[in-house]
Amino acid sequence: DDMTSEVWLIAEFTIKEGKLDAFKDIANKFITTVQENEPGALTYQLYFDHKQAKCLAVEQYRDSKAVLTHFKNAGALGLKLLGTAQLTRRELVGNVSNELKIAAIPFGVTFFKPWGGFVREQEVSRAC
């Protein structure tokens with residue numbers, strides 16, 4: 001696969017007061033749903049700040065089409081998630097197709113195009 005077709009989605013959620021457990025429950029369902037139904041989702045990781053007040057979703061997709069698939073699948077679970085947190089940051093990183101740009105603009109997404117750098121192939125270390 002052409003590395004330049006990959007797209008990263010970064011979303012920051014600010015969790016509403018008293019909604020952390022509900023957020024985590026819905027987020028776990030999201031992780032399972034994406035893993036089982038979206039082969040174009042290559043990486044799907046959630047990170048919390050030290051206060052567990054904010055969650056950063058870092059998602060890597062094979063290409064723009066895979067992100068569009070994710071948008072279509074997110075529907076009901078996405079609305080439930082937004083009942084527990086406010087979406088305070090959303091970014092698409094990579095060579096984003098025009099179709100994806102049009103789909104993402106209503107969500108206030110910021111787009112970042114590649115400029116420079118490298119990706120180092122890594123040996124995956126496995127605990128024995």
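The values are calculated or read from the model by the stated rules, or taken from the named source; none is laboratory data. Only a predicted model underlies this, so the values are computations on that prediction, with no experimental measurement involved. Glycine also receives a Cβ, built like all others from the backbone with ideal geometry; neighbour counts cover every protein chain displayed. Ligands, DNA and RNA are stripped out before the accessible areas are found, and what is left, the full protein with its side chains, is counted by its heavy atoms. Shrake-Rupley method; radii C 1.70, N 1.55, O 1.52, S 1.80 Å.
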Charges only on Cβ, +1 for Lys and Arg, -1 for Asp and Glu: so what's the dipole of the chain about the Cα centre, in debye to the nearest 20? 440
Can you tell me, using C-alpha contacts under 8 Å and at least 6 residues apart, the relative contact order of the chain as a whole percent? 35
Quick check: Cα centre of the range 76-100 to Cα centre of the range 101-126, how many Å? 14
Per residue, in Å², the accessible surface of the chain once ligands and nucleic acids are set aside, probe 1.4 Å: 69
Sort out for me the Cα centre separation of the range 5-23 from the range 38-74, rounded to whole Å. 9
Run lengths n ≥ 4 of DSSP H only: what is the helix-derived mean residue ellipticity at 222 nm for the chain, with -39500 (n - 2.57) per run over all residues, to the nearest 500? -11000 deg cm²/dmol
Taking all protein chains as present, what is the carbon and sulfur share of the accessible area of the chain, in % to the nearest whole number, probe 1.4 Å? 54
